[in-house]
Amino acid sequence: MNNEGQVYDRKSIRYALGKRADHEGLAADCVGLANGQGGVIHLGIEDASTKPPPGQQVPSDLPDQLRKRMNQLTVNVGLEAGMMTDVNRGQYVELRVFPTVHGIASTTGGVYFIRVADETKRLMPDEL
């Protein structure tokens, strides 16, 4: 997958680690994909690139931490998280988000999103 779109998104590893981590934003992206066709988020690949930086190392427990945190921040979102290694030996995390079959996915704060093209869009109550 190279182009971001309806079922694929790339995020910097900083989106999931450190002071700039945005778990709520990541949860919104997961909700948006779940309310659409499902999809994949690659954490550790910059928007302008198609591969992780050569030799990038990701903490081995990050996939489990993200899976746990997404379960805390979302409702009706099923996902798998796994560590991936590119041919350039750069590591990244793949979040595979499943489409919601029963009900509508949301954040635990009751906010709804859907993926439209390459953006996650907030749904207003009349759009549900």
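The values are calculated or read from the model by the stated rules, or taken from the named source; none is laboratory data. Bear in mind that the values here come from a model prediction, so they are computed numbers and not experimental data. Counting neighbours? That spans all protein chains shown, and the Cβs are built from the backbone with ideal geometry, glycine included. For accessibility, only protein heavy atoms count, side chains too; no ligands or nucleic acids. Shrake-Rupley method; radii C 1.70, N 1.55, O 1.52, S 1.80 Å.
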Inset, instruction - May I ask you to list the residues in segment 1-33 that are assigned to a loop (DSSP other than H, G, I, E, B), among the acidic types (Asp, Glu) and touching a residue at least 40 places away in the same chain (Cβ under 8 Å)? - result: GLU4
Inset, instruction - Tell me which of these LEU26 doesn't satisfy, since it passes every other one: (1) surrounded by 16 or more Cβ atoms within 10 Å (Cβ to Cβ); (2) over 13 Å from the mean Cα position of the chain (by Cα). - result: (2)
Legend entry - Selected residue (criterion: modelled with the lowest pLDDT) from residues of segment 1-23 that are more than 24 Å from GLN56 (Cα to Cα) and open to solvent by 20 Å² or more (accessible area, probe 1.4 Å): GLN6
Inset, instruction - Give the residues of segment 57-83 that are open to solvent by 10 Å² or more (accessible area, probe 1.4 Å), part of a helix (DSSP H, G or I) and under 16 Å from THR100 (Cβ atoms), sorted by residue number. - result: ASN71, LEU73
Inset, instruction - Would you be able to say whether some residue in segment 45-60 is under 13 Å from the mean Cα position of the chain (by Cα) and touching a residue at least 40 places away in the same chain (Cβ under 8 Å)? - result: yes
Inset, instruction - Output yes when any residue across segment 34-56 is of a type outside the set (Ser, Thr, Tyr), closer than 19 Å to THR100 by Cα, in a helix (DSSP H, G or I) and open to solvent by less than 10 Å² (accessible area, probe 1.4 Å), and no when none is. - result: yes
Inset, instruction - Would you check which residues across segment 87-112 are open to solvent by 30 Å² or more (accessible area, probe 1.4 Å), part of a loop (DSSP other than H, G, I, E, B) and on the phi < 0 side of the Ramachandran plot and list them? - result: VAL87, ASN88, PRO99, THR100, VAL101, HIS102, ILE104, THR108, GLY109, VAL111
